[in-house]
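Structure record follows, encoded as structure tokens.
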Amino acid sequence: MATVDPTLTVKEGKSAPANYAQPDILQTPVQFVKGVGPAASELLKRLDIQTAGDLLRHYPRRYEDRTHFREMISIRPGETICVAGTVLSAEAPFTRHGPPITRVTLQDATGYIECVWFNQPYLLKRFRELASRGGNIVAYGLAQESRWGLQIQSPEWEEMETGADSLSWNRIVPIYPATEGLRQGRIRRMIDSALTRYVNALEDVLPDSIRKQHHLLGIKEAIKAIHFPDSESDRECARRRLVFEEFFLLQVSAALRRLEYCNWRNAIRMNPQIDPWRELSRLLPFDLTLAQRKAIEAVIKDMASGSVMNRLLQGDVGSGKTVVAMAAMLYAALNGYQAALMVPTEILAQQHAMVFRQLLADSDWQVELATGSMRAREKRHSLARLADGSSSFAIGTHALIQEGVEFRRLALVVVDEQHRFGVLQRQALQLKSEAPHVLVMTATPIPRTLTMTLYGDLDVSVLDEMPPNRRPIRTYWRQQGQRSSVYQGLQKLLDQGRQAYIVCPLVEQSERLQARAARELAEEVAKERLLGYRIGLLHGQMNGSEKEKIMLQFRHHDLDVLVATSVIEVGVDVPNATVIIIENAERFGLSQLHQLRGRVGRGEHLSYCLLLADPQSDDAFQRLQVMAQTSDGFKIAEEDLRIRGAGEFFGVKQSGAADLRLGNLITDVELLEESRQAAVNIVETDPALARWPSLRKAVAHVHPSTELATIG
Ligand code: ADP
Ligand code: MG
């Protein structure tokens, strides 16, 4: 049996491995799990596996039913199959063009199939050796027609050693996320060993009553069966139980957060006698849409209710969310309080500040800007006016949540483009005051069930209506070869007095390289494509006042064209800009393209979005097609979710979605709903979770932001 070295503890901060509170024995460093050892434990670290408990939670990514294999003769092209056969021959035919190929012929009692691998010349030796002794392998992949009969390209494969162990043969076999140097068979043996020794230490975080009611396996059975299921239905039961648990933890913490807000007795109550509507219609140059009215009504009601508002405002790009924010902030100001608006980019902060100042020009309200790159003197003044309460409106980037920013009587926090921030940043701003009301805004349209899960602690308002007189944006996808004609078309529109954005291709994560790409594109455009037009440049490396200057010039039509990086992605609003050309559009994600497109179509003129792209992958091709076909933000989001998967779609910042390992927010909606009910019930019956210590521990561990302290 493995001995545990007590001086060895798991290093903190070294990536967060399994997100589960574990009893001590499960914290045993993985190296001491029988059959692992120091060398393998190093490799396991690459898979984020540090402890015995992590190993138990290293779920298979798929399974192969190796109780019976497809007879080769019965296989048809287009099927994804798992076959077993003897290695008959292995060769590496000479290729004049293209990558080196390894070609292997497999045989079973009924026929042959060929497996090919590209660019892996080292495989040849292994397969020659297998062929020489008549070795057997299992191969998994897509069967395709080829010149020489059926073929599987780059299959996953595994040698079936003689006397192969019972973990890999004659059963439903788990296939794990692996890493170089660790073969599947080895991982299976390590997990099997961890199961033998540690599975009994697992604590069930699901209360018994819930397990019974929803017919869920116990944790020990579930973990055993997710690794080594006896049957397909066994596997499904295990998965169902584990997915339920993931969703459940997420939702319990959301329900707790919500409860916490409701319990804030000292919420700032606005005076219901104060009516903001007259002031609003005096200040606004347009009539509000019905959707905007409804959202503002809900906000006012929340803020006058005596408990803390916690509302999410969802509305597609261009639906007019800013006005709702302004109305809420104005209501706070009319009540004698301050309000803060936090946005993800400096450009957007500057723009909002400008728009607010314009709208409020005819009033006594003062607006302060707070961004990272402001000059020290200006910033001091701003901060002083917020601290002494002489300014009612604060607009800024996350500079607003930094130390040194203080308010005299902050009553409302608005977070624009919420998806760019994390829960924690939102909370940091809330902490600037006793118990401020919170309004978060996002253009990411998410189905209701998902909203409940990810933002379970929020009420939701939706702007499902665009301001009047908007005309649909015409979107075209053109190949790079057609660039000249695209730019010629642009000239015509510029000559009619319109303006345009040209978005330069996304180059890596480096802001510096990105800035260079933008400079080069601006030069090329100015010298070759748009001679005689006034062209400006905007990128992330410019300082605050440079950015502001350029945006002002563009807004005042002192520039015809703005060549920019994706810094303009969110929020920028210049209604006379009616064309956006996106260079190398295949490099952008779908939601990002939709956001960029949202920069145009904001005024009365017909707008155009031109995607210049030569996609190299299926995904990129699909993205461009979706863009060309629809400008419905909801459809786009659904497609994006489908193409990228939930983890990436919501981003790691939306803590919660990132913790899902098995659960799929799209295909598991029924479970999502079931677990939500269960979570709400539990929190209603016992908000302190006192009766369920292991659940309590798990929630605190998975979602540390949940304030268990206040309820425990
Ligand atoms: P988003 O929801 O993308 O943040 P904005 O708040 O930037 O949208 O609004 C987009 C544009 O629509 C702005 O130019 C804004 O002034 C204008 N707008 C907003 N509401 C109305 C309305 N009710 N009538 C006319 N124009 C409006
Ligand atoms: Mg906006």
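Close Cβ contacts (under 7 Å, 6 or more residues apart or on different chains) running from residues in region 615-643 that are closer than 16 Å to residue 479 by Cα to residues that are part of a loop (DSSP other than H, G, I, E, B) and open to solvent by less than 40 Å² (accessible area, probe 1.4 Å) comprise 621/615; 624/613; 624/615.
Criterion first (in contact (Cβ under 8 Å) with a residue 60 or more places away in the chain, more than 16 Å from ligand 2 (Cβ to nearest atom), under 24 Å from the mean Cα position of the chain (by Cα) and open to solvent by 20 Å² or more (accessible area, probe 1.4 Å)) does residue 240 satisfy it? Taking the combined requirement at face value, the residue satisfies it.
Is there a residue being of a type in the set (Asp, Glu) and open to solvent by less than 70 Å² (accessible area, probe 1.4 Å) anywhere in region 83-106? Checking region 83-106: not a single residue is of a type in the set (Asp, Glu) and open to solvent by less than 70 Å² (accessible area, probe 1.4 Å).
Within region 289-315, the set of residues being assigned to a loop (DSSP other than H, G, I, E, B) and either open to solvent by 40 Å² or more (accessible area, probe 1.4 Å) or within 16 Å of ligand 2 (Cβ to nearest atom) (or both) comprises 289, 305, 307. Search region 211-231 for residues that are open to solvent by 60 Å² or more (accessible area, probe 1.4 Å) and pair each with any residue that is β-branched (Val, Ile, Thr) when their beta-carbon atoms are under 6 Å apart and the residues are at least 6 apart or on different chains. Listed pairs, sorted by first residue: 220/199.
A quick yes/no check of all residues on (1) among the aliphatic types (A, V, I, L, M); (2) open to solvent by less than 10 Å² (accessible area, probe 1.4 Å):
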position: 365; (1), (2): no, no
position: 371; (1), (2): no, yes
position: 383; (1), (2): yes, no
position: 386; (1), (2): yes, yes
position: 396; (1), (2): no, yes
position: 407; (1), (2): no, no
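Condition (residue is within 11 Å of ligand 1 (Cβ to nearest atom) and without any contact (Cβ under 8 Å) to a residue 12 or more places away in the chain) applied to region 360-373: is it met by at least one residue?
At the first step, the residues of region 360-373 found to be within 11 Å of ligand 1 (Cβ to nearest atom) are none.
No; the residues of region 360-373 include none that is within 11 Å of ligand 1 (Cβ to nearest atom) and without any contact (Cβ under 8 Å) to a residue 12 or more places away in the chain.
Before we move on, is residue 461 under 30 Å from residue 294 (Cβ atoms) and either outside any strand (DSSP E or B) or in contact (Cβ under 8 Å) with a residue 40 or more places away in the chain (or both)? Can you show your working first?
Values: under 30 Å from residue 294 (Cβ atoms): yes; either outside any strand (DSSP E or B) or in contact (Cβ under 8 Å) with a residue 40 or more places away in the chain (or both): yes.
In short, yes.
Summed over region 176-201, the residues that are over 19 Å from residue 47 (Cα atoms) and open to solvent by less than 20 Å² (accessible area, probe 1.4 Å) give a count of 2.
For beta carbons closer than 6 Å, sequence separation of 6+ or different chains, a first residue in region 35-58 that is without any contact (Cβ under 8 Å) to a residue 12 or more places away in the chain and a second that is open to solvent by 10 Å² or more (accessible area, probe 1.4 Å), the qualifying pairs are 38/31.
Yes/no matrix, rows are residues, columns are (1) free of Cβ contacts under 8 Å to residues at least 24 places away in the same chain; (2) in contact with a strand residue (DSSP E or B) (Cβ under 8 Å, 6 or more places away or on another chain); (3) away from ligand 1 (no atom under 16 Å from the Cβ); (4) closer than 22 Å to residue 632 by Cα:
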position	(1), (2), (3), (4)
289	no, yes, no, yes
297	yes, no, no, no
301	yes, no, yes, no
304	no, no, yes, no
310	no, yes, yes, no
323	no, no, no, yes
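Do you know which residues across region 560-577 are open to solvent by less than 10 Å² (accessible area, probe 1.4 Å), away from ligand 1 (no atom under 13 Å from the Cβ) and not in a loop (DSSP other than H, G, I, E, B)? Talk me through it step by step, then tell me what you get.
Here is the first cut: in region 560-577, the residues open to solvent by less than 10 Å² (accessible area, probe 1.4 Å) are 561-565, 568, 570, 572, 574, 577.
Those still in the list that are away from ligand 1 (no atom under 13 Å from the Cβ) too: 561-565.
Within region 560-577, 561, 562, 563, 564 qualify.
The sole residue among 275, 316 that is among the acidic types (Asp, Glu) and out of contact with any Phe, Trp or Tyr (no Cβ under 9 Å at 6 or more places or on another chain) is 275. Counting the residues of region 60-103 that are touching a residue at least 24 places away in the same chain (Cβ under 8 Å) and either in a loop (DSSP other than H, G, I, E, B) or touching a Lys or Arg at 6+ places or on another chain (Cβ under 6 Å) (or both) gives 16.
Let's see how each residue does on (1) modelled with pLDDT under 95; (2) more than 30 Å from residue 174 (Cα to Cα):
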| position | (1), (2) |
| --- | --- |
| 237 | no, no |
| 256 | yes, yes |
| 277 | no, yes |
| 292 | no, yes |
| 300 | no, yes |
| 329 | no, yes |
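Okay, residues lined up against (1) within 26 Å of the chain's Cα centre (by Cα); (2) at pLDDT below 90:
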site	(1), (2)
369	no, no
387	no, no
414	yes, no
426	yes, yes
432	no, yes
439	yes, no
444	yes, yes
459	yes, yes
463	yes, no
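Of all the residues in region 514-551, those that are open to solvent by 30 Å² or more (accessible area, probe 1.4 Å) and touching a helix residue (DSSP H, G or I) at 6+ places or on another chain (Cβ under 8 Å) number 6.
In region 578-606, which residue that is basic (Lys, Arg) and in a helix (DSSP H, G or I) is nearest to ligand 1 (Cβ to nearest atom)? Spell out how you get there, then give the answer.
From region 578-606, those basic (Lys, Arg) are 587, 597, 599, 602; that's our starting set.
Narrowing the set further to residues that are in a helix (DSSP H, G or I) leaves 587, 597.
Working: 587: 23, 597: 12 Å.
So the residue we want is 597.
The values are calculated or read from the model by the stated rules, or taken from the named source; none is laboratory data. Please read these numbers as outputs of a predicted model, since none were measured by experiment. Here the Cβ is made from the backbone with ideal geometry for all residues, glycine too, and neighbour counts use every protein chain on show. Just so you know, the surface numbers come from the protein's heavy atoms only, side chains and all, with ligands and any DNA or RNA stripped out. Shrake-Rupley method; radii C 1.70, N 1.55, O 1.52, S 1.80 Å.
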